[in-house]
Amino acid sequence: MVRELADLNAEVILLAGAGRAILLQLADPGVGRGVAEHSTFTDRPINRLKGTLTYVYAVTYGTDEQVKEVRRRVNRAHVPVRRDADHETPGYNAYDPELQLWVTATLYDTALVIIEKIYGPLDDESADSMYRDYAKLGTALQLPPDMWPKDREAFGRYYDARMAGLRASDAAIRVGRGLLYPQHAALWYRTIMPIARFLTAGLLPDQLRNDFGLPWSGRHERRFHRTMKALAVAYPKLPQRLRHWFKNYCLSELDTFSRRAGRASA
């Protein structure tokens, strides 16, 4: 089945890994400080998630115009996210290629984890294709192509080295907890958060699960494996129009925005 799956990155099941990717990103000191000091993530989590996924879908599947538009959006949002180093903390800059490499790496690794839990291990052709697609997410911004690990084996070495000492700072924990336990979000959003926290905890490594205060036990572990097995049976049976609906929705909205912007500037 995996060899016949053409659009891995369009699968809506990847939303199950959104929390994991975000917390991995926050655990990087530069990303964590930048988000804590400049982002409205905790106030508008759905808008920010939608913006990130629109960028992913446009770069992977979109037209040249769609790519230009999402690149403009991201670069504009990154302009104020910078701080010079001082005697208390190192600086950070959202345009820093090293930070962009880490963010892209978390998106790729999380997508791979989810896809392989649902569809099983990818064959080499599918895995290489997916890896190339995710490289474009960084290189469409300020990540030089030669900074993206040359192949999946090189990526594994980079990722393992980064994960080995990765721990969330106090600032990252505050942001992460605000996302995991929203106080002022819509009722529907707060209703789905228990399952989102559960999936996020199950997908995180132990050290970050502990850092962000996500409870876990043998009972949680068994329930998590049962949940993923059930999804692996049920999800692939859904029609493609449902599995890819969010990608199609985001790209359609991007087209609508571009048309309105074009009329407004005419």
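The values are calculated or read from the model by the stated rules, or taken from the named source; none is laboratory data. Predicted, not measured: the structure shown is a model, and the values here were computed from it. So basically every Cβ, Gly included, is an ideal-geometry build from the backbone, and we count neighbours across all protein chains shown. Areas reflect the complete protein model, heavy atoms only, side chains present, ligands, DNA and RNA absent. Shrake-Rupley method; radii C 1.70, N 1.55, O 1.52, S 1.80 Å.
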Subject >> Label-point separation in nm, Met163 to Glu98, each point 7 Å along Cα→Cβ >> reply: 2.1
Subject >> Selected from Asp124, Asp86, Asp255 as most flexible by GNM, with the chain as the system and alpha-carbon contacts under 10 Å >> reply: Asp86
**OP:** Report the calculated FRET efficiency for Glu153 and Arg71 (r = Cβ-Cβ distance, R0 = 35 Å), to the nearest 0.05.
**Re:** 0.75
Original post:
Can you give the three extents of the C-alpha atoms in region 87-172 along their principal axes, from longest to shortest, in whole Å?
Top reply: 50, 26, 19
**OP:** Based on alpha-carbon positions alone, could you give the equivalent ellipsoid semi-axes of region 175-264 from the gyration tensor, as √(5λ), descending, whole Å?
**Re:** 33, 21, 11
Original post:
How big is the Kirkwood radius of region 15-145, worked out from every pair of different alpha carbons and given in Å to one decimal?
Top reply: 15.7
Subject >> Pairwise label distance in nanometres, Asp170 with Asn248, each label 7 Å out on the Cα-Cβ vector >> reply: 4.9
Original post:
Expressed as a whole percentage, what fraction of the accessible surface of region 141-266 belongs to carbon and sulfur atoms when a 1.4 Å probe is rolled over the protein heavy atoms?
Top reply: 56
Original post:
Considering region 108-240, what Rg and Dmax in Å follow from its alpha-carbon atoms?
Top reply: 17.2, 45
**OP:** Take the Cβ-Cβ distance between Gln183 and Ala230 as r, set R0 to 35 Å, and report the resulting FRET efficiency rounded to the nearest 0.05.
**Re:** 0.65
Subject >> Net length gained if the chain between Thr89 and Lys237 were fully extended (0.36 nm per residue, minus Cα distance) >> reply: 48.3 nm
**OP:** Report in % the part of the accessible area of region 30-140 that belongs to carbon and sulfur, leaving out ligands and nucleic acids; probe 1.4 Å.
**Re:** 50
Subject >> Per-residue HN-Hα couplings for region 215-221 [Karplus 6.51, -1.76, 1.60; θ = phi - 60°; Hz; x = Gly/Pro] >> reply: x, 8, 8, x, 5, 4, 4
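Determine, for each peptide in 175-188, 218-231, 11-24, the mean count of other beta carbons within 10 angstrom over its residues, then list the peptides with the highest first.
Numbers: 175-188: 15.1, 218-231: 12.4, 11-24: 22.5.
Ranking the peptides 175-188, 218-231, 11-24 by packing returns 11-24, 175-188, 218-231.
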**OP:** Report the percentage of all Cα-Cα pairs in region 62-121 whose separation exceeds 19 Å, rounded to a whole percent.
**Re:** 55
Original post:
What nm distance separates the two modelled labels at Arg132 and Leu15, each placed 7 Å from Cα along Cα→Cβ?
Top reply: 3.0
Subject >> Environment charge at Ala27 (Cβ cut-off 14 Å; Lys +1, Arg +1, Asp -1, Glu -1) >> reply: +2
**OP:** Mind checking region 57-165 for chymotrypsin sites (Phe, Trp or Tyr not before Pro) that DSSP puts in a loop (not H, G, I, E or B) and that have at most 16 other Cβ atoms within 10 Å?
**Re:** Tyr95
Original post:
Applying the Karplus parametrisation 6.51 cos²θ - 1.76 cosθ + 1.60 with θ = phi - 60° to the phi angles of region 109-114, what ³J(HN,Hα) value in whole Hz is obtained for each residue in order, glycine and proline being reported as x?
Top reply: 5, 5, 4, 5, 4, 5
